[in-house]
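The values are calculated or read from the model by the stated rules, or taken from the named source; none is laboratory data. What you see is a predicted model; the values in this text were computed from it and never measured. Heads up, the Cβs are rebuilt from the backbone with ideal geometry, glycines too, and the neighbour counts pull from every protein chain shown.
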Amino acid sequence: MATEHEHQTGHQHETEHLAVHQSLQLLRSAPVGRLAVVIDGEPAIFPVNHVVDRGTVVFRTGAGMKLAAATGQMVAYEADGYDLQTGIAWSVVVTGKARQVRSLHEVLEAMDLPVTPWEGNSKPHVVRIEPTTITGRRFQIRAAARGQQV
């Protein structure tokens, strides 16, 4: 139910649940997201830059824990943003199976995608998350919280 202030100003603080195409559009605008995997029974989160390609999330990585924990497993990928001017925040979560791109055709295609690793280390492995679910939400940050660091 809207408060008296919300009736007067026309602003309600309800969460807007986004369609898949809206969620992917926001995900495309985010320079970095967080990959969530399980390593030795414990959750682990890695920041990675990504690209959205044909409804999937693609990133590059080196050999190591992240690649081993993600490949062939169900993972979650999250990105979010906040517009200082409008006070609108959003979050997108993609869950799905991560697979290492291995076929020559797919590797060559993936290398043409605009996903350049931020770190200087070699990141020759391409991982594609094939979504089973894509959820997004957008909401107005409460005025009392806007002055706080988000």
(request) Identify, by number, the condition in (1) surrounded by fewer than 17 Cβ atoms within 10 Å (Cβ to Cβ); (2) in contact with an Asp or Glu (Cβ under 9 Å, 6 or more places away or on another chain); (3) not polar (S, T, N, Q) that Gly64 doesn't meet. (result) (2)
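Criterion first (at pLDDT below 90 and farther than 23 Å from Ser29 by Cα) does Ala69 satisfy it?
On the way: at pLDDT below 90: no; farther than 23 Å from Ser29 by Cα: yes.
For Ala69, the condition - at pLDDT below 90 and farther than 23 Å from Ser29 by Cα - is not met.
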(request) Kindly provide the set of residues from the range 36-69 that are farther than 22 Å from His21 by Cα, outside any helix (DSSP H, G or I) and of a type outside the set (A, V, I, L, M, F, W, C), ordered by number. (result) Asp40, Gly41, Glu42, Pro43, Pro47, Arg60, Thr61, Gly62, Gly64
(request) Please enumerate the residues belonging to the range 73-116 that are over 21 Å from Glu130 (Cβ atoms) and not charged (D, E, K, R). (result) Gly81, Tyr82, Leu84, Gln85, Thr86, Gly87, Ile88, Ala89, Trp90, Thr116
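Going by what's in this entry, would Arg99 be described as among the basic types (Lys, Arg), out of contact with any Leu (no Cβ under 6 Å at 6 or more places or on another chain) and surrounded by fewer than 17 Cβ atoms within 10 Å (Cβ to Cβ)? Steps first, please.
On the way: among the basic types (Lys, Arg): yes; out of contact with any Leu (no Cβ under 6 Å at 6 or more places or on another chain): yes; surrounded by fewer than 17 Cβ atoms within 10 Å (Cβ to Cβ): no.
When the stated conditions are applied, Arg99 does not pass them.
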(request) Please identify the pairs in which a residue from the range 113-133 that is without any contact (Cβ under 8 Å) to a residue 60 or more places away in the chain has its Cβ atom under 8 Å from the Cβ atom of a residue that is among the small types (Gly, Ala, Ser) and not in a strand (DSSP E or B), counting only partners at least 6 apart or on another chain. (result) Asn121/Gly62
(message) Here is a check on your reading of the model: is Ala76 in contact (Cβ under 8 Å) with a residue 24 or more places away in the chain and either in a loop (DSSP other than H, G, I, E, B) or more than 15 Å from the chain's Cα centre (by Cα) (or both)?
(response) no
(message) Residues that are in contact with a strand residue (DSSP E or B) (Cβ under 6 Å, 6 or more places away or on another chain), in a loop (DSSP other than H, G, I, E, B) and surrounded by 11 or more Cβ atoms within 10 Å (Cβ to Cβ): does the range 130-141 have at least one?
(response) yes
